[in-house]
Amino acid sequence: MAADRIRLRGDRWKISVRKGVKILVVDDESMIREAMRQLLEHCGCEVETFDNGQAALARLAERAFDLVITDFSMPGMQGDQLVAHIRQLIPDQRIIMATAFLEEYKMFSQPNATINGLLFKPFTFRDLQDAIDAVLGPEETVRSDMPTVVQKFAGRDFNPPPKT
């Protein structure tokens, strides 16, 4: 179960607190967007989510974010295309790419779609925090009771349905 993979000792978790860090999440899978939003908000982040690259780009033109986490494989604008557009607008934007399709990412990602971190699906809460820590640097770490939000998503991996 997902909760078992991220529980460290008993019912206590180690959580990186990131108060006020602004994160933009872009993923076409609503469950993944919602799970990441709730988990990151529990850590103190300000999170906005979008289901496509065009909407995310429009929001990036209006507001600054500390980090963008985007899926690679999405209908319409792929994640690497989104990253290339972001690099044109905001060259130093920190970006994590999430993908379940590493080979597809290697084959088709655009050369100017440089990212700061790669997150492999399915991923755990700890994987997500580790990827964010690698890109933004480690933050204050506290022990916390298992949050209700993770109990809600326990048993579900953050991975897309298989491609047909």
Complete set of residues in region 24-76 that are basic (Lys, Arg), surrounded by fewer than 17 Cβ atoms within 10 Å (Cβ to Cβ) and part of a helix (DSSP H, G or I): 59
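Run down 147, 160 and say which single residue is under 22 Å from residue 28 (Cβ atoms) and at pLDDT below 90. Show your work before the answer.
Values: 147 fails: under 22 Å from residue 28 (Cβ atoms).
So the residue among 147, 160 that is under 22 Å from residue 28 (Cβ atoms) and at pLDDT below 90 is 160.
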Test result for residue 83, buried (at least 21 other Cβ atoms within 10 Å of the Cβ), hydrophobic (A, V, I, L, M, F, W, C), at pLDDT 90 or above and in a strand (DSSP E or B): no
Odd one out for residue 104 among (1) modelled with pLDDT of 95 or more; (2) charged (D, E, K, R); (3) touching a Ser or Thr at 6+ places or on another chain (Cβ under 9 Å): (1)
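The values are calculated or read from the model by the stated rules, or taken from the named source; none is laboratory data. Not measured: the values here are computed from a predicted model. Note that we place each Cβ from the backbone using ideal geometry, even for glycine, and neighbour counts take in every protein chain shown.
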